[in-house]
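What follows is one structure encoded as structure tokens, with my remarks underneath.
The values are calculated or read from the model by the stated rules, or taken from the named source; none is laboratory data. The structure displayed is predicted, hence computed values, not measured ones. Cβ atoms come from the backbone with ideal geometry, glycine included; neighbour counts cover every protein chain shown.
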């Protein structure tokens, strides 16, 4: 315990911060910071749950490993954010992951979109990794030292995710006619859910410099994607944005099924430890 | 996870080789024999008897296939793992297995068989993988029992393979064994947590141990008197201990560890024979082993279907990657010219 207590106070950016350290620390977030941490944690958790499906099903063994790695990184980020949120809400990361109901989740709709084929998974990952990179590279300067420390660790990992998805977008867009067709289709299915990532709301106003204002991420993400799309000879899909609401517990039809599967065993044995 | 499959039919052909032996071949053979007698390593470019090459190519590729098929029973629980920590550990474990498959395919490739060919043989049902993965992982406790018993048996089998005479195989096994011992420990830890948990959890743990015990003992391969080719593999320093020796040693370890778990092994005939200095266990149902090996296990069809599906559904992705690489190479060449 002494070891984890010691490291729990090392929240300067760049130091490894384990979920166990956060849980054992006395860093209590305000209700607003906890709510914000739930959003970030839920995004990563739900996407990790989606990506985990590919392990043993990917097009190449190397991709079983790569997608598994990305899922693992995301689970790590989710555990840190949820542990921190839970610290403010008197709950553990597992209480939050396994015993909240659908409307209590705070993920944006993009993260729960179905895997579809490999191109659709890559399209989703492309947007997520660019969004998260821009987000974390700013959040590491948050006035909340715990959020800053989690972001500082996450940003390095998300940078690799960005590289992985960008490389695949190029390969698929410029590979064969079939892969190009699928890449374009995957992007088209993904794009309605991009807008929601960049919406500000009252919580963001309240948090000030503890959080990152989502609308400020739009321009840098768009500009990076624009240069990649130019190289890949792709166009930003011209599709209308879907109505979001995930940040306030309004979800698509997909989330219920995902949670049913993820939570089933934990809920069969309430109070048990694993 | 995964175990090196028991050696089966050994290809012959040494006699015709001897008849047409050239000067170079004789020098190569003498060097091979010397290296084996000195218990040294054979490397990919060294001369080796065709039968040695074939035996190893088959054993290593079967071992690689076992890692890849072995991902499936555990991947079955990634989405339902009951805590985030367990989910992360399980994902990392299944991912390690993909990594083991990759090292082993690379080791097998040094013997001259391309990975694509090995994959095709697996998909076509021509290649074998460890039969243990044809049993279903139906409860969370199976993640514990697979780690503890199946990975435990794999380690008992594989530690001696770190000294296998073929260099790339031995070196791959060193790396794999390190990760496997983590896997076994996490399996043990899952069972320990369940055994000390609620009555329902403890029951789940015992049930899993009951189901995986006998299949894990059969992972060591048929009894020695029914394993005619083990002898040649031992002479070539590929195999170091007989199937029964390894099995006995494994039973001895498990019988101690199960006490720490507070569970029991479903075998009341386990005893240490002072005369032979071996652990003994109840007879195993080798008929079941043969049935599963012949494709009539609970999950053979399911495992193959999943692998085939992943391979076929991914074909367009691999084609795209290859086409893109070709285009890039062509562009680079144009620029250079």
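Just so you know, in the stretch B:303-321 the residues that are at the interface with chain A (Cβ under 8 Å from one of its Cβ atoms) and loosely packed, with under 14 Cβ neighbours inside 10 Å include one that is farthest from the chain's Cα centre (by Cα), and it is B:315.
Suppose we filter the stretch B:47-90 for residues that are within 14 Å of chain A (Cβ to nearest Cβ), more than 19 Å from the chain's Cα centre (by Cα) and free of Cβ contacts under 8 Å to residues at least 40 places away in the same chain; how many remain? Residues flagged as within 14 Å of chain A (Cβ to nearest Cβ), more than 19 Å from the chain's Cα centre (by Cα) and free of Cβ contacts under 8 Å to residues at least 40 places away in the same chain within the stretch B:47-90 amount to 7.
Matching residues to (1) part of a helix (DSSP H, G or I); (2) closer than 29 Å to residue A:18 by Cα; (3) away from every other protein chain (no Cβ under 14 Å):
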| site | (1), (2), (3) |
| --- | --- |
| A:124 | yes, yes, yes |
| A:137 | yes, yes, yes |
| A:146 | yes, yes, yes |
| A:152 | yes, yes, yes |
| A:156 | yes, yes, yes |
| A:164 | yes, yes, no |
| A:169 | yes, no, no |
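Hey, does the stretch B:258-281 have a residue that's more than 17 Å from the chain's Cα centre (by Cα), assigned to a helix (DSSP H, G or I) and closer than 30 Å to residue B:42 by Cα? No, because not a single residue in the stretch B:258-281 is more than 17 Å from the chain's Cα centre (by Cα), assigned to a helix (DSSP H, G or I) and closer than 30 Å to residue B:42 by Cα.
Scanning the stretch B:292-301 for residues that are closer than 15 Å to residue B:128 by Cα and either out of contact with any helix residue (DSSP H, G or I) (no Cβ under 6 Å at 6 or more places or on another chain) or within 14 Å of chain A (Cβ to nearest Cβ) (or both) gives B:294, B:295, B:296, B:299, B:301. When residues in the stretch B:259-287 are screened for being under 22 Å from residue B:135 (Cβ atoms) and touching a residue at least 60 places away in the same chain (Cβ under 8 Å), 6 of them pass.
With respect to residue A:15, is the statement that it is modelled with pLDDT under 95, more than 11 Å from chain B (Cβ to nearest Cβ) and more than 19 Å from residue A:250 (Cα to Cα) true? For residue A:15, the condition - modelled with pLDDT under 95, more than 11 Å from chain B (Cβ to nearest Cβ) and more than 19 Å from residue A:250 (Cα to Cα) - is met.
Just name the residue that is nearest to the other protein chains (Cβ to nearest Cβ) out of those in the stretch A:50-78 that are buried (at least 24 other Cβ atoms within 10 Å of the Cβ) and more than 21 Å from residue B:314 (Cβ to Cβ). Across the stretch A:50-78, the extreme among qualifying residues is A:75. Residue count for the stretch B:113-141 under the criterion of being part of a helix (DSSP H, G or I) and either without any contact (Cβ under 8 Å) to a residue 12 or more places away in the chain or touching a helix residue (DSSP H, G or I) at 6+ places or on another chain (Cβ under 6 Å) (or both): the result is 12.
Of everything listed in (1) more than 18 Å from the chain's Cα centre (by Cα); (2) assigned to a helix (DSSP H, G or I), the single unmet condition for residue B:197 is (2). Here residue B:106 passes the criteria (1) buried (at least 24 other Cβ atoms within 10 Å of the Cβ); (2) touching a residue at least 60 places away in the same chain (Cβ under 8 Å); (3) more than 9 Å from chain A (Cβ to nearest Cβ); (4) farther than 30 Å from residue A:19 by Cα except the one numbered (1). Taking residue B:179, is it modelled with pLDDT under 95 and within 14 Å of another protein chain (Cβ to nearest Cβ)? Against the criterion (modelled with pLDDT under 95 and within 14 Å of another protein chain (Cβ to nearest Cβ)), residue B:179 qualifies.
Of the numbered conditions (1) crowded, with 20+ Cβ neighbours inside 10 Å; (2) free of Cβ contacts under 8 Å to residues at least 40 places away in the same chain; (3) not in a helix (DSSP H, G or I), residue A:91 fails exactly one; give the number of that condition. Unmet for residue A:91, out of (1) crowded, with 20+ Cβ neighbours inside 10 Å; (2) free of Cβ contacts under 8 Å to residues at least 40 places away in the same chain; (3) not in a helix (DSSP H, G or I): (1). Among the residues examined, residue A:182 qualifies as more than 19 Å from the chain's Cα centre (by Cα), buried (at least 19 other Cβ atoms within 10 Å of the Cβ) and more than 22 Å from residue A:134 (Cβ to Cβ). Being within 28 Å of residue B:160 (Cβ to Cβ), in contact with a helix residue (DSSP H, G or I) (Cβ under 7 Å, 6 or more places away or on another chain) and within 12 Å of chain A (Cβ to nearest Cβ) is the filter here, so list the residues in the stretch B:187-214 that pass it. Result: B:190, B:191, B:192. Could you list, in sequence order, all residues of the stretch A:79-90 that are modelled with pLDDT of 95 or more and more than 7 Å from chain B (Cβ to nearest Cβ)? Across the stretch A:79-90, the qualifying residues are A:80, A:81, A:82, A:83, A:84, A:85, A:86.
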